[in-house]
Every structure is written in C-alpha cells, then in structure tokens.
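What follows is one structure encoded as structure tokens, with my remarks underneath.
Nothing in this text is a laboratory measurement; each read-out follows from the coordinates by a stated rule. Just so you know, these numbers come straight off a predicted model, no measurement behind them. FYI the Cβ positions are ideal-geometry reconstructions off the backbone, even for glycines, and counts take in every protein chain you see.
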Amino acid sequence: MLSIPLTILLVLFMALSIITTIKKRKLAGATGHKSALTPICFYSIAIVAIIAFWFDLAGLISWVLIIILLGLGAYFTKYLPVK
C-alpha cells in the first residue's frame with residue numbers, strides 16, 4: 001500500500017540528486033569517467049535495491065551485488081577531485 005508512493009519519492013529524489021551531482025561536477029571542473037564512477041555506483045545501489053524490492057528478489061544475489069557496488073564506489077573515491 002505504501003510501496004508505490006515511496007518508490008515515486010525515491011525516483012524523484014534520485015533524479016534531483018543526479019541533476020545536483022552533474023551541476024557540482026561541472027562547477028568543480030571534474031572531467032572524465034573515472035571521477036563519475038563513485039556516484040554511478042551509489043545510484044546503481046538504489047536502483048538494484050528498488051528492483052529487488054519490487055520483484056521480491058531481496059536474496060543473496062541482490063545483497064552481493066549491493067556490497068560489490070558499495071566496494072567499487074568506495075574504491076573509486078580516490079579519483080574524485082580534491083578542492
């Protein structure tokens with residue numbers, strides 16, 4: 001009953017967050033794909049979690065995928081620009 005409004009909120013806030021991330025990357029002068037991999041991994045975690053929720057796939061595969069994406073996102077933070 002509450003899953004549809006929460007999914008809509010997640011998609012809305014994710015879209016706003018992606019737009020904000022793109023604007024901040026342009027302001028910081030970040031170019032290239034390596035510095036974008038951390039946000040991509042973190043947004044992918046949200047997408048995997050919502051797909052697992054909607055299709056009842058919250059098993060071992062989705063959890064392992066989330067942990068791998070979290071590790072990759074943490075690894076690629078070394079490519080983020082330093083102010």
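Being more than 20 Å from MET14 (Cβ to Cβ) and outside any helix (DSSP H, G or I) is the filter here; which residues of region 55-83 pass it?
ASP56, GLY59, PRO81, VAL82, LYS83
Here are some residues: ALA30, ALA52. Which one is in a loop (DSSP other than H, G, I, E, B), of a type in the set (A, V, I, L, M) and surrounded by 13 or more Cβ atoms within 10 Å (Cβ to Cβ)?
Sole residue among the options that is in a loop (DSSP other than H, G, I, E, B), of a type in the set (A, V, I, L, M) and surrounded by 13 or more Cβ atoms within 10 Å (Cβ to Cβ): ALA30.
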